Ligand SMILES: CC(C)(COP(=O)(O)OP(=O)(O)OC[C@H]1O[C@@H](n2cnc3c(N)ncnc32)[C@H](O)[C@@H]1OP(=O)(O)O)[C@@H](O)C(=O)NCCC(=O)NCCS
């Protein structure tokens, strides 16, 4: 069957659909994650940035990537990627990869200098994310330092963006 999956920016109306997929994949325990705490600092759970994207198969949600503008050590121009979630029946077909590439491209054109995330280096490494030096980028809550990854969208950003991640 020909795939009719399309990608597009997410809108606030998509939030219930995205939340339902997050619920299915991560369960309610996701709210305890430190990355969620950072996003909460920005406002309600409904917040959708210009960098959030979806893959849709008709009216079915295939995959969703969220990305929030943050500050690092008080410097604006950074973004936090996550969560990325792919519906299990669509896993391993490149939808995660497509949404990451598109979100990074949107961030680059949106004047974001650095994107950070908390996740698996073996997966995100292939997109250019690297572990940050221990203690250089910190979170307002418990995070495994080996899972703090970043990609520079502007040369030298890792030198300039150090300190505490904040949703404000
Ligand atoms: C992890 C996830 C986002 C990957 O998306 P996807 O669309 O299935 O993956 P893609 O098709 O882009 O890439 C598939 C490749 O990534 C690899 N991969 C998937 N998850 C991986 C992981 N955690 N670590 C290393 N490699 C991983 C696959 O083995 C496959 O490798 P191959 O290309 O060599 O065969 C998706 O499976 C998912 O939503 N998982 C549950 C939620 C989650 O863990 N989210 C990430 C944390 S926020």
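Residues of the range 73-92 that are more than 6 Å from the ligand (Cβ to nearest atom), touching a residue at least 12 places away in the same chain (Cβ under 8 Å) and not in a loop (DSSP other than H, G, I, E, B): 75, 77, 78, 79, 80, 81, 88, 90.
Among the residues making up the range 93-103, those that are more than 6 Å from the ligand (Cβ to nearest atom) and surrounded by 21 or more Cβ atoms within 10 Å (Cβ to Cβ) are 99, 100, 103.
Does residue 19 qualify as being within 11 Å of the chain's Cα centre (by Cα) and either modelled with pLDDT under 95 or on the phi > 0 side of the Ramachandran plot (or both)? So residue 19 fails the test.
The residues of the range 115-134 that are at pLDDT 95 or above and more than 17 Å from the chain's Cα centre (by Cα) amount to a single one, 133.
Of the residues making up the range 44-58, not a single one is at negative phi, in a helix (DSSP H, G or I) and surrounded by fewer than 17 Cβ atoms within 10 Å (Cβ to Cβ). For the range 63-72, give me the residue count where each residue is within 14 Å of the ligand (Cβ to nearest atom) and either surrounded by fewer than 22 Cβ atoms within 10 Å (Cβ to Cβ) or within 11 Å of the chain's Cα centre (by Cα) (or both). Total satisfying the criteria: 5. Number of residues in the range 120-133 that are near the ligand (Cβ under 9 Å from one of its atoms) and either assigned to a strand (DSSP E or B) or surrounded by fewer than 18 Cβ atoms within 10 Å (Cβ to Cβ) (or both): the value is 6.
Among the residues examined, residue 158 qualifies as more than 15 Å from the ligand (Cβ to nearest atom), at pLDDT 95 or above and assigned to a helix (DSSP H, G or I).
If you check 138, 109 for being out of contact with any strand residue (DSSP E or B) (no Cβ under 8 Å at 6 or more places or on another chain), more than 13 Å from the ligand (Cβ to nearest atom) and at pLDDT 95 or above, only one passes: 109.
The values are calculated or read from the model by the stated rules, or taken from the named source; none is laboratory data. As the structure is a computational prediction, the values presented were derived from the model and not from experiment. Quick reminder, even Gly has a Cβ in these numbers, built from the backbone with ideal geometry, and neighbours come from all protein chains shown.
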